[in-house]
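Peer 1: Pasting a structure here, questions to come.
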Amino acid sequence: MSSAMNDEDFSVRKKRFSAYDRLSCEGSPMKMSPWNQSCHLNNPNLCKFDEDVSNNNSKICLIGSLVREEGHIYSLATKNDLLYTGSDSKNIRVWKNMKEFSAFKSNSGLVKAIIISGDKIFTGHQDGKVRVWKVQPNNPSSYKPAGTLPTFFDIFKASIRPSNYFMSAKHNRASIWIKHWDAISCLSMDHNHGLLYSASWDRTFKVWKADNSKCLESVKAHEDAVNSVVASVDGIVYTGSADGTVKVWQREFSGKIIRHVLVHTLLNQECAVTALTVNKSGSVVYCGSSDGVVNFWEKEKKLTHGGVLKGHKLAVLCLESAGNLVFSGSADKTICVWRKEGSVHTCLSVLTGHSGPVKCLAVEEDKESTRNDQKWVLYSGSLDKSVKVWSVSEMAPIMQNGHEDHVRI
């Protein structure tokens, strides 16, 4: 069935689907997950069943868990075999080869977002600040604070001009436009142009020059908290909000001035938009919502709605993409692994094992990956205070009774 439809059709038809209808990966993947089985040595039939399940899923397996009883995991980032974890303990911990490698601590605010650019690590916090850290060249395990966005000097400079103030709804007082006045929810990076994007519960996203920490623009993007921002190719930026919308922004340069223009609204629903991700080529954008559904749009088809992926019973809290795979983490404590082939998405597995909501995901290429078997290492952070590490192959077989595709509407 064609995925093309008008906005009215989509608005009406999306209401037919319940967040509790597991139309993708219905039942069996979770039940058949090797992490959800028990093997009794005195029952050969049960042992045989578990072996079959494990063999079928040998290309998707749990490598291990990182546990440090100090706080819920809210953010993850990975680069060059290092994993960065942020929690409500204010600590940012660095892991290498499944062992703690280093750590550094912020003075305020739980760590809601982490992103890496060169030798700098940017962290977004509950107090509305973006903090900058630098790796010491003579000691790769040492991280030192390198500033805060915006800088004290920039705040002082902006405070002199009355035109730089606006009335913040939360505090009912004047605030400077270069500062977020509520929690940072997400960070994204355009590495080609050296631009850092910060999204906030203050309903804006801001654009920063990463090399000098200057705030270039503040965009009043939504009518409620901005939960996600993603910088994609060709100057396209996507934002998702608690107001139920996904918006598309086009970046424009005019000399030294940068501005983002709203060009499209992909989604307008009652449920909050909780997460966004875009594949590496920028050809597909995925959106997770509080109703447990993942919508997607295809850029090659002028961002027409491609369909929905249904694999969760509760809210989708995080999304990641790598190669032909898409990962969705949920408040239902599971992670769905989807494989994209053309416009068709197949649920390969539902990963279980966390005892709390899966709040964040990060992915990097597996060193054992080959041309014939592309593999990825997936990290999942949870409010159960743990990070689980998974090996996922794009060649993994479809699980028995696993559902093919998204729901075409």
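The values are calculated or read from the model by the stated rules, or taken from the named source; none is laboratory data. Quantities reported herein were computed from a predicted structural model and do not represent experimental measurements. Heads up, the Cβs are rebuilt from the backbone with ideal geometry, glycines too, and the neighbour counts pull from every protein chain shown. Please note that ligands, DNA and RNA were not included when accessible areas were found on the heavy atoms of the full protein model with its side chains. Shrake-Rupley method; radii C 1.70, N 1.55, O 1.52, S 1.80 Å.
Peer 1: Quick check on my filter: what residues within region 304-356 are at positive phi, modelled with pLDDT of 95 or more and open to solvent by 10 Å² or more (accessible area, probe 1.4 Å)?
Peer 2: Correct list: 323, 333, 353.
Peer 1: Could you grab me the full set of residues in region 318-369 that are among the polar types (S, T, N, Q) and closer than 20 Å to residue 283 by Cβ?
Peer 2: If the condition is that a residue be among the polar types (S, T, N, Q) and closer than 20 Å to residue 283 by Cβ, then 321, 324, 328, 343, 346 are the ones that fit.
Peer 1: While we're on this one: Any residue in region 311-331 that is touching a residue at least 60 places away in the same chain (Cβ under 8 Å) and within 14 Å of residue 376 (Cβ to Cβ) sitting within a Cβ distance under 7 Å of a residue that is in a loop (DSSP other than H, G, I, E, B) and open to solvent by 10 Å² or more (accessible area, probe 1.4 Å)? List the pairs, counting only those 6 or more apart or interchain.
Peer 2: Cβ pairs passing all conditions: 323/374; 323/394; 324/394; 325/394.
Peer 1: Give the residue that is most open to solvent (accessible area, probe 1.4 Å), with candidates limited to residues of region 357-374 that are without any contact (Cβ under 8 Å) to a residue 40 or more places away in the chain and closer than 21 Å to residue 77 by Cβ.
Peer 2: Among those residues, the one meeting the criterion is 367.
Peer 1: Regarding residue 90, is this residue of a type outside the set (A, V, I, L, M, F, W, C), on the phi > 0 side of the Ramachandran plot and free of Cβ contacts under 8 Å to residues at least 24 places away in the same chain?
Peer 2: Yes, satisfied.
Each row is one residue, and each column tells you yes or no for (1) more than 24 Å from residue 86 (Cβ to Cβ); (2) touching a Phe, Trp or Tyr at 6+ places or on another chain (Cβ under 8 Å); (3) modelled with pLDDT under 95.
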| residue | (1), (2), (3) |
| --- | --- |
| 151 | no, no, yes |
| 160 | yes, no, yes |
| 171 | yes, yes, yes |
| 208 | no, yes, no |
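Peer 1: Show the residue pairs that are 6+ apart or on different chains and have beta-carbon atoms under 9 Å apart, the first residue being within region 143-162 and of a type in the set (Gly, Ala, Ser), the second being surrounded by 14 or more Cβ atoms within 10 Å (Cβ to Cβ) and at pLDDT below 85.
Peer 2: If the second residue must be surrounded by 14 or more Cβ atoms within 10 Å (Cβ to Cβ) and at pLDDT below 85, the pairs left are 158/164; 158/165; 158/176; 159/165; 159/176.
Peer 1: To continue, here is another question. Determine which member of the set 86, 71 is at pLDDT below 95 and either assigned to a loop (DSSP other than H, G, I, E, B) or buried (at least 21 other Cβ atoms within 10 Å of the Cβ) (or both).
Peer 2: Just one listed residue meets the conditions, 71.
Peer 1: When region 249-293 is examined, which residues are found to be surrounded by 12 or more Cβ atoms within 10 Å (Cβ to Cβ), outside any loop (DSSP other than H, G, I, E, B) and small (Gly, Ala, Ser)?
Peer 2: 275, 288, 289
Peer 1: Here is a further query. Considering region 206-242 alone, what residues qualify as being part of a strand (DSSP E or B), without any contact (Cβ under 8 Å) to a residue 40 or more places away in the chain and not small (Gly, Ala, Ser)?
Peer 2: Scanning region 206-242 gives 206, 209, 220.
Peer 1: Restricting attention to region 102-125, which residues are at pLDDT below 95 and over 15 Å from residue 82 (Cα atoms)?
Peer 2: 105, 106, 107, 108, 109, 110
Peer 1: Here are some conditions: (1) over 30 Å from residue 89 (Cα atoms); (2) touching a Phe, Trp or Tyr at 6+ places or on another chain (Cβ under 7 Å); (3) part of a loop (DSSP other than H, G, I, E, B). Residue 397 meets all but one. Which one does it not meet?
Peer 2: (2)
Peer 1: Mind checking which residues of region 294-303 are part of a strand (DSSP E or B) and open to solvent by 10 Å² or more (accessible area, probe 1.4 Å)?
Peer 2: Scanning region 294-303 gives a single hit, 298.
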